[in-house]
Structures are given as C-alpha cells and as structure tokens.
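Before any comments, here is the structure.
The values are calculated or read from the model by the stated rules, or taken from the named source; none is laboratory data. Bear in mind the structure is a predicted one, so any value in this text is a computation, not a measurement. In this analysis, Cβ positions are derived from the backbone assuming ideal geometry, glycine residues included, and neighbour counts consider all displayed protein chains. For the accessible areas, the whole protein counts, side chains as well, though only heavy atoms, and no ligand, DNA or RNA atoms are used. Shrake-Rupley method; radii C 1.70, N 1.55, O 1.52, S 1.80 Å.
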Amino acid sequence: MTDAELDALPKIRPRDAVAYLQGEMDLVTLRYRAQRGRCPFCTAERRGNKYTYRINGALLKRYKAGEFHPNAKAPAR
C-alpha cells in the first residue's frame with residue numbers, strides 16, 4: 001500500500017496499517033502492542049469484551065520512515 005492509498009482511506013483499520021507496513025509488523029503484534037500501549041501510532045480502547053483501535057495516519061507514516069523505535073510507547077493524548 002502506498003502513501004496515496006493510505007491517505008484515500010476514510011478510516012485506517014489495523015489490517016490497513018499492516019498492509020501499509022508491508023511485513024514490518026503482523027496484525028496480531030499490532031493489536032497486542034496497541035492493547036498494552038506499546039504502539040506509537042495506534043491505541044486500543046476496550047469496550048466490553050471487544051477493542052476499538054484508533055490509528056493515527058501521520059504517526060503511522062513516521063513509524064514506517066523509521067522515526068520511532070519498534071517498541072516505543074504510544075504518545076500521550
């Protein structure tokens with residue numbers, strides 16, 4: 001997935017982020033890190049027994065460019 005394709009999405013889902021990262025991270029790892037606050041571009045909010053994921057497109061692009069350590073914590077909101 002290219003930057004233009006990512007920008008064209010109305011909402012970035014975890015599987016879209018994984019496709020954009022092209023093998024740098026798998027879906028299970030992204031969700032695991034987001035749930036524990038260890039993903040710099042994604043946060044997870046628990047709602048009952050399900051999670052809602054919020055992905056920041058600008059931070060995702062910076063992550064792919066190598067600006068964050070792979071185990072960096074999510075930025076404070």
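Looking only at residues in the range 38-58 that are without any contact (Cβ under 8 Å) to a residue 40 or more places away in the chain and among the small types (Gly, Ala, Ser), which one is nearest to ASP16 (Cα to Cα)? Only one residue tops the list, namely ALA58. Considering only the range 2-33, state which residues are open to solvent by less than 80 Å² (accessible area, probe 1.4 Å) and closer than 18 Å to GLU67 by Cβ. Once the filter is applied, which keeps residues that are open to solvent by less than 80 Å² (accessible area, probe 1.4 Å) and closer than 18 Å to GLU67 by Cβ, the range 2-33 yields ASP3, LEU6, ILE12, ALA17, TYR20, LEU21, MET25, LEU30, ARG33.
Given the condition assigned to a helix (DSSP H, G or I) and not hydroxyl-bearing (Ser, Thr, Tyr), answer yes or no: does some residue in the range 62-71 qualify? Even if it seems obvious, please write down each step before you answer.
Step one: filter the range 62-71 for residues assigned to a helix (DSSP H, G or I), giving 62-64.
Then drop every residue that is not not hydroxyl-bearing (Ser, Thr, Tyr), which leaves 62, 64.
Yes: one or more hits.
Take the conditions under 9 Å from the mean Cα position of the chain (by Cα) and surrounded by 12 or more Cβ atoms within 10 Å (Cβ to Cβ) and apply them to PHE41. Does it pass? When the stated conditions are applied, PHE41 passes them.
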